[in-house]
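A.B. asks: Provided herewith is a single structure, encoded as C-alpha cells, for subsequent inquiry.
What follows is calculated from the coordinates using simple rules that are stated; it is not laboratory data. Being a predicted model, the structure only gives us computed values, none of them experimental. So basically every Cβ, Gly included, is an ideal-geometry build from the backbone, and we count neighbours across all protein chains shown.
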Amino acid sequence: MEIKKTSLYQLHYDSGAKFVEFAGYHMPIQYSDGIVDEHKFTRSNAGIFDVSHMGQLFIYGNDDLAEDLERVFPLDLKNLEINHSKYSFLMNDEAGIYDDLILTKIENGFMIILNAACKDNDFKILSKLLNDKYKMELDKNRSLIAIQGPKSAVILNPIINGVNELNFMSGSWFKFEEQKVFVTRSGYTGEDGFEVSIINTLAEKFTKKLIANGAKLIGLGARDTLRLEAGLCLYGHELDKNKTPVEANLKWAISKERISQGNFIGSRIITKQLSDGVNKIRVGIKPEGRIIAREKTKIFNQSDIYIGEITSGTFGPSVNGPVAMGYVENDFSKKNTKVFLEVRGKKHPANICGLPFYKKSYVKGANK
Amino acid sequence: MSDTKYSKEHEWITFEGDIATIGITKHATEMLGDIVFAELPEKGISVEKDGTAGVVESTKAASDVYTPISGEVVDTNQSIVDDPSKINEDPEGSAWFFKLKMKDKAELDSLMNKDEYDKFAKESAN
C-alpha cells in the first residue's frame, strides 16, 4: 500500500524533517534541532504537531444518537454539554480496548478523534454497532494541527480570534480565512494547548502563521517523550485489546452514573474489576540510575520473581532522567515499591511512582 | 599521535605507542540523535576485536558500541557517563569512550583512513 502524506508534508520536508512511516503515513520523527531541544521548546514555548494522520470522525444525529452511543462508550453523553469534550475508549465485550479517543459534543452530533492506526477499524466497529442508522464520516478533507505549550494561547489567538476564551476539554467553531475551523483546548503533552481541525488546503498557510508567531514544528519523537513525562497512555503500548480501562488505571474516565446503570459494552467486566480488583495494573516506574528501560523490559520483585513488563520507556528531557510506564501485578503497584528492571542481562533497581513524571500546567478555566 | 582510523561500525581510533583511544564518529552521533545514556566497559577487562564494548542510547533507541581492535581496557571516560550530551557536542575529541592496551597492532591494518571512512559513511547513509 502506498504510504500517505499529510497536507504539511512539503513544509515538514522543507523544515529539515527526518521521516518515519507511522500508521501508513510519512510522518516527521524529528527536525534538525533534535528530540531533546524540541521537547524543551514545547515545555517552555509552543510546539506545533501535525496530527493529521489521526481520524476525525463526525457522527450526525440527535437524542437517539446520544442514547445509542451510551451503549458504546462509558460516558454520560445525554448530559454532555455542547462543545464539551471527554476522553474515552472503544471496547469489546471483555472491556479490552480497541482504541482510546476524545469525543466532543457538537451541534447535530459528535466529533471523535481516533488514533491513526485504529481509525478504519473503529469506523467499521462503530458503523456496525450503530446499525448504519446515522450519517458517519471519517473526514479526509481536514487536517489536524496541535499547538502545545505555555505560549500556545498567545501565539494562536491573534490567528484564530477568540480561542483564548476556551476552557480545557472544550471546543468550538471559529473562522480562519473565512473558513470554519473547529478548535478544542486539549492535547497530549501535559501542557496547555489546542487542536485545530482545518480544511487541508489551508493547513500549510495556517501552520506558517503559527511559525511566524514564534511556534516551532515538533516531531513524533518529542511527542512521545512529552506524553510519557505527562503519564499519558499511547495506544499499542499502554493500551490494547488485552487490557481494560481499569487495568490501565483510567477508571477516572468512566462515568460513575454509567457504571451503576451498567448497560454499555464491556460494563460486565468493568463492574467486576472495580469491585474485585485487577491482577495487573498500569504504573509509573522510575529507574534509580540513568539506565533506560524500553518497551518489553521485564520487571522483577525483590525476590527475583517476574511481576510485569514495561510498555513505554525513554529518557525524559524535562525530568532529566529515565522514565517508564508498565504493568505490574497488583500486589507490587504501591508507590515506592522497589522493583528490578532487566536490561541487557542485568537487573537494575527502580521504584514504582505516581504519575505524571512532569507536572501538568493545563488551563482549567480561561481568563485566569 | 597517529592518524585516525575508522571502523565500519562508526568507531574512530587513535593510538600512541601501544595505547589506543576509541570513540564514536560524528556521523554516528548524527544518525543516533540526542544521546542520553552511555555505558562503558569496565577497566581491566579484555575485549576482542568487533565485540561489544559499551552502549549508547538516544531518546529513540539503544545501540551497541563495538571495539575495532582487541586489548585490555586501561581507562574509561566517566565524564560522558555523567553527561552523555557531551558525545553529541564533541564526539571525535573530548568525548572519547575508552582506552585500550592493544593486543595486536596488525589489527589496525583492516581499518579505514579518513577518506575511506567518509566515503563509506556517505554511502551507508543512502
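A.B. asks: Would you mind checking A:241/A:334; B:43/B:114; A:40/B:60; A:4/A:243 for any pair whose Cα atoms are more than 23 angstrom apart?
C.D. replies: Exceeds cut-off: A:241/A:334; B:43/B:114; A:4/A:243.
A.B. asks: Could I ask something else about it? Which ³J(HN,Hα) values in Hz, rounded to whole numbers, follow from the phi angles of the stretch B:94-101 under the Karplus curve 6.51 cos²θ - 1.76 cosθ + 1.60, where θ = phi - 60° and Gly and Pro get x?
C.D. replies: Result, rounded to whole Hz: 5, 8, 5, 9, 8, 10, 10, 8.
A.B. asks: Let me ask you something else. Normalise the Debye intensity by I(0) for the protein assembly as shown, one equal point scatterer per Cα, no solvent, then take log10 at q = 0.13 Å⁻¹ and round to two decimals.
C.D. replies: Ignoring solvent entirely, the Cα scatterers give -1.24.
A.B. asks: Lysines within cross-link reach of residue B:49: Cα-Cα under 16 Å, excluding same-chain residues under 8 positions apart?
C.D. replies: Within the straight-line limit of under 16 Å, residue B:49 reaches these lysines: B:5, B:8, B:99, B:101, B:103, B:105.
A.B. asks: Checking the a/c ratio against 1.5 first, then a/b against b/c, what shape does the Cα gyration tensor give for chain B?
C.D. replies: oblate
A.B. asks: For the pair residue A:347 and residue B:118, what calculated FRET efficiency results from E = 1/(1 + (r/R0)^6), where r is the Cβ-Cβ distance and R0 = 41 Å, to the nearest 0.05? Could you put the intermediate results ahead of the total?
C.D. replies: Values: r = 41 Å, r/R0 = 1.01.
Calculated transfer efficiency: 0.50.
A.B. asks: Same structure, new question: Given points 7 Å out from each Cα along the Cα-Cβ axis, report the residue A:82 to residue A:63 separation in nanometres with one decimal.
C.D. replies: 1.6 nm
A.B. asks: Based on alpha-carbon centroids, what's the gap between the stretch B:9-25 and the stretch A:26-73 in Å, whole number please?
C.D. replies: 46 Å
A.B. asks: How about residue B:119: which aspartates and glutamates have a C-alpha closer than 20 Å to its C-alpha, ignoring those fewer than 8 places off in the same chain?
C.D. replies: B:3, B:9, B:11, B:30, B:92, B:109
A.B. asks: Scanning chain A for GluC sites (Glu not before Pro) in DSSP loops with at most 10 other Cβ atoms within 10 Å, what's the longest stretch left with none?
C.D. replies: Longest gap between qualifying sites, sites excluded: A:179-368.
A.B. asks: Something else now. Using the Kirkwood radius over Cα pairs, work out the Stokes-Einstein diffusion coefficient for the stretch A:279-353 at 20 °C and 1.002 mPa s, in µm²/s as a whole number.
C.D. replies: D, rounded to a whole number, is 183 µm²/s.
A.B. asks: Another question about this same structure. Evaluate peptide A:287-295: per residue, the Cβ atoms of other protein chains within 10 Å of its Cβ; return the mean as an integer. All intermediate terms of the calculation are to be shown ahead of the outcome.
C.D. replies: Details: counts 0, 0, 1, 8, 4, 8, 0, 4, 0.
Average neighbour count from other chains, rounded to a whole number: 3.
A.B. asks: Right, another one. So for the stretch A:213-368: antiparallel DSSP bridges make up what percent, rounded to the nearest 5?
C.D. replies: Around 95 percent antiparallel, to the nearest 5.
A.B. asks: How much of the calculated P(r) for the stretch B:1-57 lies past 14 Å, in percent of all Cα pairs?
C.D. replies: Pairs farther apart than 14 Å: 62 percent.
A.B. asks: Over all directions, the average projected area of the alpha-carbon convex hull for the stretch A:62-113 comes to how many nm²?
C.D. replies: Value for the stretch A:62-113: 3.3 nm².
A.B. asks: In debye to the nearest 20, how big a dipole does the protein assembly as shown give about its Cα centre with +1 on each Lys and Arg Cβ and -1 on each Asp and Glu Cβ? List each step's numbers first, then the result.
C.D. replies: Details: 64 positive and 72 negative charges, 314 e Å.
Result for the protein assembly as shown is approximately 1500 debye, rounded to the nearest 20.
A.B. asks: For the charge dipole of the stretch A:279-353, defined by +1 on Lys and Arg C-beta atoms and -1 on Asp and Glu C-beta atoms about the Cα centroid, which residue among A:322, A:310, A:348 has the Cα displaced farthest towards the positive pole?
C.D. replies: Farthest along the dipole direction, towards plus: A:322.
A.B. asks: Could you list which residues have their amide H under 5 Å from that of residue A:265, counting only those 5 or more apart in sequence or on another chain, with H placed in the peptide plane?
C.D. replies: Placed amide hydrogens put A:72 under 5 Å from residue A:265.
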